[in-house]
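What follows is a single structure, written as structure tokens, with notes after it.
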Amino acid sequence: MPDERAASWPESQGQDLQSGADGRARRRAALSPHLKRLQDESIFIFREVVAELRNPVLLYSIGKDSSVLLHLAMRAFYPARPPFPVLHIDTTWKFREMIAFRDETARRLGLELVVHTNEDGIRRGVNPFDHGSSYYTQVMKTEALKQALAKGGYDAAFGGARRDEERSRAKERIFSFRSAAQEWDPKKQRPELWSLYNGRIRDGESIRVFPLSNWTELDVWQYVLAEDIPVVPLYFAAPQPIVERDGQLIVVHDERMRLKPGERPEMRMVRFRSLGCYPLTGAIESRADSLPAIIAEMLGFQTSERMGRLIDRDEASSMERKKREGYF
Amino acid sequence: MADSAAAAVEAGVGQRTGNVFRLPAEAGMLRFLTCGSVDDGKSTLIGRLLFETRALFEDQLAALEHDSRKYGTVGEHIDFALLMDGLEAEREQGITIDVSYRFFATDRRRFIVADTPGHQQYTRNMATGASTADLAVLLVDARKGVVNQTRRHSFIVSLLGIRHVVLVVNKMDLIAFDAERFREIQETYENFATGLGFESLLAIPTSARYGDNVTSASERTPWYEGPTLLAYLETVRIETEPVGQPFRMPVQWVNRPHLDFRGYAGTVASGRVRPDDAIRVLPAGKAAVVSRIVTLDGELAEARAGDAVTLVLAEEMDVSRGDVLAAAGDAAPVSDQFAAHLVWMSETPLIAGRSYLIKAGTKTVGGSITAIKYRINVDTHEHLAAKELHLNDVGVVNLSLASPIAFEPYAKNRNLGSFIVIDRLTNETAAAGTIDFALRRGTNLTWQHLDIDRSARAALNGQKPAILWFTGLSGAGKSTIANLVERKLFAMGRHTYVLDGDNVRHGLNRDLGFTEADRVENIRRVAEVAKLFADAGLIVIASFISPYRADRAMARSGLEEGVFLEVFVDTPIEECQRRDPKGLYAKVAAGKISNFTGVDAPYEAPENPEIRLSTTANSADALADEVLADLRRRGIVG
């Protein structure tokens, strides 16, 4: 680190931060060279897209990765606001806390928020209980996303996916080409050399862009801590009414949750490692109620982050198939 | 969780102790790739590294065990290749198609490893993985030694500027850890690698399958005294940023949120910059002064290589995306002509003369490969003559851009010396290129000065030299009119020469066929001959279909104004087909000829020809007179 820069953040060495229950660090720490490099590479990617594509959008899923993505966008274009809208695909099965956080974030950062729901799916009453996670995800997430991208005429969409999440994501380019049908052909990806991203497309085609490709789960949390980035409170441990189902801890979030015979919600101290639709996202038992506690807890994890995401487990190559059809 | 941990221990897959993440804040990052031929054990090696550094989670291991039973090729054992082959097609076929990125860490470093495919057919994906790596782990199978793919990958690794290589001689268990065989492979490789410019090259004997010398020293190689692979990766010194170089920053995006702010967003490519530094805006070369370095955290006192910042200049000036801001006292060179290495990545071959888009830094400009100097046999490093570059070929070319760019040779700066070639039609990334040096034609290749020049010869002949370039469809009447024009000029005592399409193909161009590359070369040679004849003082009459505007523009280029006259013999295709003087249209209709101009190959009519001749309204003789009248008006003949 250059001396001057370190000097601009007095007493910032080390990460002896005091964090409150809301997870907001009181003081910003200096970034490690590792995080600084990841951050600046991501900023470069944001700027390339805005310079080369006509009408980008940021796909905002409200989770920690989206929070980091937004923070990087704020950095990339400062003092301008990010010159693109933020799109949320609302399945209507998100946690209330997520929707409140989404609206508050858009207000705080002065972003243009576009919310899209697959109205046809709503009319047909598609839900995770009657239709199974696979069909439900296809209709309420993948189809909804494709509708929203087509409606907005977006030619580029930023997503928060990381290569360390899942093995088909480990294969994906940073600029990932989509056909006019919004499909991904993993066997015919464009070569991607250095940071010379090729954003050239024809009408109807688009690029999915993943600025966090080279980040790991730990990088994300350490960056959230270092940069004092707000995240949804559900990431912090709190008592919740829980039922255990197929080894997963499911929060009984509202009256729409259907209990099976013999299931009885009990209060447990839990938090989420990954956030999705509430009936499809397993919580973990935890007492970690601050960012340092979350990071400390991560050091002992035995399972991967997407372990709690039921939608990944429907079948082998589950994620790849969803991605080929247009899922992020 | 305790139960599943116990289950993992029982299954013999080890227990995650969590030391993976316990990193000092300053732990650096190393990005490397694994490469080498198919089945040399790349994926197994990475699987082993991930496993031993406890970067694999229980659910991932469980999924891996499940897949190993389904697709595995190593019997009872976990098939680590399945961990890396993230695509369904890869697992089904048991091959790696595309590069896969994996992450692991030790107490000393974090690692991003790119596992790249071994098949020659997927070399472009291997190059994708190599382009962002600082070090290459090159595997060879101890039984097979150095093979074609070992050499191909080494060459690409070298070409992309990777200076640190680890030669992993794997599957030592299958040759009973034979020290002599190891040294033999090491020596063969070191001989081959001379001249590839590697700063460090370490050979390690391993068995990725059993873990020998991967993360812990093997008892089965007492004769090997070097470090294990992991120990070496943790400690090898890598310079990721060029040091001691002057300030350079390609402008990515102009930030104008309101009238009072105009900043230039970009990532510093080399050197450092501070407020009040004098800079130049390239390629124009205008001088400017940096006033502020703006970030979300406030203004910085300095920005260095790798920093993504926004610079504000002291005065408003015209700066746009693609310009390079550079230290005023040591600005980057600017050129539009380069010698460069290319790795061709498209199924459609490279053809010299065709127009592509070139993206270099943050600038995208039109350009073409003016010459393929040679193709490189990556086995022997031999230079081979080539007219085209095909998928996965490596070649040295001359590159010409539509406008100049600021650059550095790739060896000096990766950011400013690399480019990609984009196909204008399909938008695919057709090649990766590295700039070797600028071709300054004026200084490198001087025109031999001769005392008797064109005007002296023209004066002696009593005529002004010119090139009459007849273009039009086959059967349009080019040769007929050209012949009449020459006869009339000859009768007037003028010195002329006719270059005819069919005639030159019997001699000068008899080595050329009718592929697109050959057509381009055919016109290029004729144009050069026409220029020499004009220089000799002759009135040259060239008669060629020459269907492409770009080719005719090339024939015109470099000549003084008024020397080159484009004569468009404008005859509708229906009329040409009716006349069919050589019976060619009949053959086309019968399916005996394809790629025929005007029928199933394009003819790009001239937009602004000097002379346009309509053959349906006038006789050939009247049209020849029309040409002569035009030459008189232009003062070419008296």
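The values are calculated or read from the model by the stated rules, or taken from the named source; none is laboratory data. Keep in mind that this is a model prediction, so the values were computed, not measured. Reconstructed Cβ throughout: ideal geometry from the backbone, glycine too, with neighbour counts over all protein chains shown. Heads up: the accessible areas ignore ligands, DNA and RNA and are worked out on the full protein's heavy atoms, side chains in. Shrake-Rupley method; radii C 1.70, N 1.55, O 1.52, S 1.80 Å.
Restricting to region B:210-250, count the residues that are over 30 Å from B:Gly417 (Cα atoms), touching a Gly at 6+ places or on another chain (Cβ under 9 Å) and of a type in the set (Val, Ile, Thr).
The total comes to 0.
Looking only at helices (runs of 4 or more DSSP H) that fall completely inside region B:83-171, which ones have 2 or more residues that are of a type outside the set (A, V, I, L, M, F, W, C) and in contact with a strand residue (DSSP E or B) (Cβ under 9 Å, 6 or more places away or on another chain)?
B:123-130, B:148-159
Report the residue count in region A:269-302 for those that are in a strand (DSSP E or B), away from chain B (no Cβ under 12 Å) and surrounded by fewer than 17 Cβ atoms within 10 Å (Cβ to Cβ).
Residues meeting the conditions: 1.
Okay, residues lined up against (1) within 14 Å of another protein chain (Cβ to nearest Cβ); (2) modelled with pLDDT of 95 or more; (3) over 29 Å from A:Leu31 (Cα atoms):
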site	(1), (2), (3)
A:Leu58	no, yes, no
A:Ala73	yes, yes, no
A:Ala76	yes, yes, no
A:Pro85	no, yes, no
A:Ile89	no, yes, yes
A:Val114	no, yes, yes
A:Phe129	no, no, yes
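Is there a residue being within 20 Å of the chain's Cα centre (by Cα), within 14 Å of chain B (Cβ to nearest Cβ) and in a helix (DSSP H, G or I) anywhere in region A:226-247?
Yes, there is a match, as at least one residue in region A:226-247 is within 20 Å of the chain's Cα centre (by Cα), within 14 Å of chain B (Cβ to nearest Cβ) and in a helix (DSSP H, G or I).
If we keep just the residues of region B:218-238 that are charged (D, E, K, R) and in contact with a strand residue (DSSP E or B) (Cβ under 8 Å, 6 or more places away or on another chain), which is least open to solvent (accessible area, probe 1.4 Å)?
Among residues in region B:218-238 that are charged (D, E, K, R) and in contact with a strand residue (DSSP E or B) (Cβ under 8 Å, 6 or more places away or on another chain), the one least open to solvent (accessible area, probe 1.4 Å) is B:Glu234.
I need a count of the residues in region B:396-424 that are within 11 Å of another protein chain (Cβ to nearest Cβ), over 25 Å from B:His381 (Cα atoms) and not hydrophobic (A, V, I, L, M, F, W, C).
Result for region B:396-424: 3.
With the requirement that a residue be outside any loop (DSSP other than H, G, I, E, B) and in contact (Cβ under 8 Å) with a residue 40 or more places away in the chain, what does region B:467-484 give you?
Of everything in region B:467-484, those that are outside any loop (DSSP other than H, G, I, E, B) and in contact (Cβ under 8 Å) with a residue 40 or more places away in the chain turn out to be B:Ile467, B:Leu468, B:Trp469, B:Phe470, B:Thr471, B:Lys478, B:Ser479, B:Thr480, B:Ile481, B:Ala482, B:Leu484.
Cβ-Cβ below 6 Å, separation at least six or inter-chain, first residue in region A:122-149 and closer than 15 Å to A:Met257 by Cα and not assigned by TED's automatic domain parsing to the domain that holds A:Pro56, second part of a helix (DSSP H, G or I) and open to solvent by less than 50 Å² (accessible area, probe 1.4 Å): which pairs?
none
For region A:144-169, enumerate the residues that are in contact with a strand residue (DSSP E or B) (Cβ under 7 Å, 6 or more places away or on another chain), assigned to a loop (DSSP other than H, G, I, E, B) and either away from every other protein chain (no Cβ under 12 Å) or closer than 14 Å to A:Arg324 by Cβ (or both).
Within region A:144-169, A:Tyr154, A:Asp155, A:Gly159 qualify.
Have a look at B:Gly298, B:Gly306 and point out the one that is at the interface with chain A (Cβ under 9 Å from one of its Cβ atoms), without any contact (Cβ under 8 Å) to a residue 24 or more places away in the chain, surrounded by fewer than 20 Cβ atoms within 10 Å (Cβ to Cβ) and at positive phi.
B:Gly298
Here are the criteria: (1) open to solvent by 10 Å² or more (accessible area, probe 1.4 Å); (2) more than 30 Å from B:Gly322 (Cα to Cα). Tell me which single one A:Thr137 does not satisfy.
A:Thr137 satisfies every listed condition except (1).
Residues that are closer than 21 Å to B:Thr480 by Cα: find the helices (runs of 4 or more DSSP H) completely inside region B:541-638 holding 2 or more of those.
It comes to B:573-579, B:584-589, B:620-633.
Output the residues belonging to region B:398-432 that are basic (Lys, Arg) and within 22 Å of A:Asp203 (Cα to Cα).
Correct list: B:Arg424 only.
The conditions are (1) surrounded by fewer than 24 Cβ atoms within 10 Å (Cβ to Cβ); (2) within 11 Å of chain A (Cβ to nearest Cβ), and B:Thr362 fails exactly one of them. Which is it?
Condition (1) is where B:Thr362 drops out.
Of all residues being among the hydroxyl-bearing types (Ser, Thr, Tyr) and open to solvent by 40 Å² or more (accessible area, probe 1.4 Å) in region B:181-214, which is nearest to B:Ala105 (Cα to Cα)? Just the residue, please.
Per the criteria, the residue is B:Tyr210.
Give region A:202-225 a look and list any residue that's facing chain B (nearest Cβ under 10 Å), open to solvent by 20 Å² or more (accessible area, probe 1.4 Å) and free of Cβ contacts under 8 Å to residues at least 60 places away in the same chain, or say none.
Matches in region A:202-225: A:Arg202, A:Glu205, A:Thr216.
Could you grab me the full set of residues in region B:510-526 that are surrounded by fewer than 19 Cβ atoms within 10 Å (Cβ to Cβ) and either among the β-branched types (Val, Ile, Thr) or without any contact (Cβ under 8 Å) to a residue 40 or more places away in the chain (or both)?
Once the filter is applied, which keeps residues that are surrounded by fewer than 19 Cβ atoms within 10 Å (Cβ to Cβ) and either among the β-branched types (Val, Ile, Thr) or without any contact (Cβ under 8 Å) to a residue 40 or more places away in the chain (or both), region B:510-526 yields B:Arg510, B:Asp511, B:Leu512, B:Gly513, B:Thr515, B:Arg525.
Quick check on my filter: what residues within region B:100-113 are within 10 Å of chain A (Cβ to nearest Cβ) and either open to solvent by 40 Å² or more (accessible area, probe 1.4 Å) or in contact (Cβ under 8 Å) with a residue 40 or more places away in the chain (or both)?
B:Arg102, B:Phe103, B:Phe104, B:Ala105, B:Arg109, B:Arg110, B:Ile112 - these are the residues of region B:100-113 that are within 10 Å of chain A (Cβ to nearest Cβ) and either open to solvent by 40 Å² or more (accessible area, probe 1.4 Å) or in contact (Cβ under 8 Å) with a residue 40 or more places away in the chain (or both).
When region B:289-332 is examined, which residues are found to be in contact with a helix residue (DSSP H, G or I) (Cβ under 8 Å, 6 or more places away or on another chain) and small (Gly, Ala, Ser)?
If the condition is that a residue be in contact with a helix residue (DSSP H, G or I) (Cβ under 8 Å, 6 or more places away or on another chain) and small (Gly, Ala, Ser), then B:Gly298, B:Ala301, B:Gly306, B:Ala308, B:Ala332 are the ones that fit.
Open to solvent by 10 Å² or more (accessible area, probe 1.4 Å) and within 24 Å of B:Ala127 (Cα to Cα): is that true of B:Gly86 in this structure?
No; evaluated as a whole, the condition is false for this residue.
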